[in-house]
């Protein structure tokens, strides 16, 4: 019986090795092995330090306390565990841009869970402290500072040459609805993977804004030039 | 036969090896999917003669005319995905960069001209699919370049999360040339400079005064006051029609600091080539603005410069003393010290500091003189013309 099991185990081992071998391609004497690697697609997303996509990334702003006066809170997009990635696997051969805009468009606002309270992200009046000439009746302004961030090349062959971080910019309805995070020139690497961390955020909150948790949806768009 | 080929191992060893081998074989196909990825897309039918069409749509369309094409959507993930595909107008992002409007925005231009055959599709893991679309230009389409986007975005349920919630999308630029009176022109617009700790950020800006976008070669240069190039960078960026574009060139800071000239120039193809075309290229180069700046040296350079400066000052001092000494040797006369003389009394009579007298005669402390000793002193004539020295 024991001998039978030994032979069975040996057979399984040989079968396993044979199966392993079949998953690897070897060039034979009488066959040409060809392989085509197609270019991939330009993509952006948030990944952790192991490059695994984070399904629902969010970035908290620093907590503040109710105030009768206008105040500013700050935050950061991109950390070591939530890196803003751009992959260009030969897809954009004349550069690309990475931009950030409010998903709901220029009339978006910061909202609480029940959307009963809100404040603006793109009202430039008195630097966001009061409601101004834009379409809604809310004050508040969000500034995004990509230059404060760190851009890192994340592949053995790619460099930072030709890639520039955008300038610190505040959203302003119908004037600046999108902020440029990165601009890659035509001469930047056609094949590369990069990530941004530490993009600065600064939001002015109008005075007497009720205490609550607020959120805003932003969309990062990568576009081949 | 089989037994003779295998080493003499225990039953447990054989069983373990067999299990490991089977596990390795079973895991092999799945490990390929354990990768990050996202949803992307590209033009389905690129023009082989224009490599630019591999990444963006480039079309020349007469007013009131339709063209058809397709976008290839790629699921780079190991899971089946539901994907939204839609068209938007282009907008200008900060710094004059190309961007795409949001789905929530009203589409008034190219975003309205594009009609996709599907708006949502399910794509298998690592699968691709083609979505046909048509572009129909209006009768009154203005000559020149019009831009829009085809957006590919994963469909996701949103949930409330305090702070900034991020979504992602990939956009493919759709550049349409409406033939007619085409003007291709860009001009330098400005130059600003921001000095950082280790870098100089040179920010040239350029204005597109034409009606088509221009791929501009922007070259920024830092030169010393002797016109030697310290640092230079060239990059090619699109400048959208009617817009001002600017870029942050992070350049190496000159190590030694000092005065430098920062300048930029623009080169672009003035021929009728549209995006990616390369026929009869005619490059025009325009000088942009320049600025004279003072750059602070690096810490190491500062200390080196300090040491060199101290050395120069010391050298100059000793050189001065050497020249004075040589002069004194030529003009001073011998004087025989008398018994009552001290160095101070002789110096007073000759209207000179006793310290100089001691130094020129190499008399060391306690500056004692001996009678009959011969020392060099200024002549009487010289002494008469000089004021009395301070004691």
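The values are calculated or read from the model by the stated rules, or taken from the named source; none is laboratory data. Nothing here was measured: the structure is a model prediction, and the numbers come from that model. No Cβ is skipped: glycine too gets one built from the backbone with ideal geometry, and neighbour counts run over all protein chains shown.
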Legend entry - Candidates B:193, B:222, B:200, filtered to the one that is free of Cβ contacts under 8 Å to residues at least 60 places away in the same chain and under 24 Å from residue B:254 (Cα atoms): B:222
Inset, instruction - Identify all residues within segment B:233-249 that are surrounded by fewer than 22 Cβ atoms within 10 Å (Cβ to Cβ) and within 13 Å of the chain's Cα centre (by Cα); write none if there are none. - result: B:233, B:234, B:236, B:248
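State yes or no: is residue A:148 surrounded by 21 or more Cβ atoms within 10 Å (Cβ to Cβ) and either in contact with a strand residue (DSSP E or B) (Cβ under 9 Å, 6 or more places away or on another chain) or closer than 21 Å to residue B:249 by Cα (or both)? Step through it out loud before you land on a result.
On the way: surrounded by 21 or more Cβ atoms within 10 Å (Cβ to Cβ): no; either in contact with a strand residue (DSSP E or B) (Cβ under 9 Å, 6 or more places away or on another chain) or closer than 21 Å to residue B:249 by Cα (or both): yes.
No, not satisfied.
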Legend entry - segment A:52-70, residues that are loosely packed, with under 15 Cβ neighbours inside 10 Å and without any contact (Cβ under 8 Å) to a residue 60 or more places away in the chain: A:52, A:55, A:56, A:60, A:62, A:63
Legend entry - Residue tally, condition at the interface with chain B (Cβ under 7 Å from one of its Cβ atoms) and within 19 Å of residue B:161 (Cα to Cα), over segment A:39-55: 4
Inset, instruction - Considering only segment B:132-150, state which residues are within 14 Å of chain A (Cβ to nearest Cβ) and closer than 20 Å to residue B:40 by Cβ. - result: B:147, B:148, B:149, B:150
Legend entry - Selected residue (only one of B:55, B:117 is in the same structural domain as residue B:174 (by TED's automatic domain parsing) and at pLDDT below 95): B:55
Legend entry - Which listed residue is touching a residue at least 40 places away in the same chain (Cβ under 8 Å), in contact with a strand residue (DSSP E or B) (Cβ under 9 Å, 6 or more places away or on another chain), surrounded by fewer than 24 Cβ atoms within 10 Å (Cβ to Cβ) and farther than 19 Å from residue B:41 by Cβ, from A:112, A:93: A:112
Inset, instruction - Could you please find all residues in segment B:252-265 being surrounded by 20 or more Cβ atoms within 10 Å (Cβ to Cβ) and within 14 Å of chain A (Cβ to nearest Cβ)? - result: B:264
Inset, instruction - Collect the residues in segment B:153-176 that are over 30 Å from residue A:118 (Cβ atoms) and either within 14 Å of chain A (Cβ to nearest Cβ) or without any contact (Cβ under 8 Å) to a residue 40 or more places away in the chain (or both), keeping them in residue-number order. - result: B:172, B:173, B:174, B:175
Inset, instruction - Go through segment B:122-146 and count every residue that is farther than 26 Å from residue A:95 by Cα and assigned to a strand (DSSP E or B). - result: 3
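Quick check on residue B:299: is it out of contact with any helix residue (DSSP H, G or I) (no Cβ under 7 Å at 6 or more places or on another chain), surrounded by fewer than 10 Cβ atoms within 10 Å (Cβ to Cβ), away from chain A (no Cβ under 14 Å) and farther than 30 Å from residue B:51 by Cβ? Can you show your working first?
Values: out of contact with any helix residue (DSSP H, G or I) (no Cβ under 7 Å at 6 or more places or on another chain): yes; surrounded by fewer than 10 Cβ atoms within 10 Å (Cβ to Cβ): yes; away from chain A (no Cβ under 14 Å): yes; farther than 30 Å from residue B:51 by Cβ: yes.
For residue B:299, the condition - out of contact with any helix residue (DSSP H, G or I) (no Cβ under 7 Å at 6 or more places or on another chain), surrounded by fewer than 10 Cβ atoms within 10 Å (Cβ to Cβ), away from chain A (no Cβ under 14 Å) and farther than 30 Å from residue B:51 by Cβ - is met.
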Legend entry - Enumeration of residues in segment A:185-200 that are crowded, with 22+ Cβ neighbours inside 10 Å and at the interface with chain B (Cβ under 9 Å from one of its Cβ atoms): A:185, A:188
Legend entry - Matching residues, segment A:115-129, being more than 20 Å from residue A:213 (Cα to Cα) and more than 27 Å from the chain's Cα centre (by Cα): A:125, A:126
Legend entry - Members of segment B:49-62 found to be surrounded by 15 or more Cβ atoms within 10 Å (Cβ to Cβ) and in contact (Cβ under 8 Å) with a residue 40 or more places away in the chain, listed by number: B:50, B:52, B:53, B:55, B:56, B:57, B:58, B:59, B:61
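Evaluate segment B:120-132: report whether one residue or more is closer than 16 Å to residue B:175 by Cα and within 37 Å of the chain's Cα centre (by Cα). Working first, answer last.
Within segment B:120-132, the subset closer than 16 Å to residue B:175 by Cα is none.
No, there is no match, as no residue in segment B:120-132 is closer than 16 Å to residue B:175 by Cα and within 37 Å of the chain's Cα centre (by Cα).
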Legend entry - Options B:271, B:263, B:235; residue that is modelled with pLDDT of 95 or more and assigned by TED's automatic domain parsing to the domain that holds residue B:223: B:263
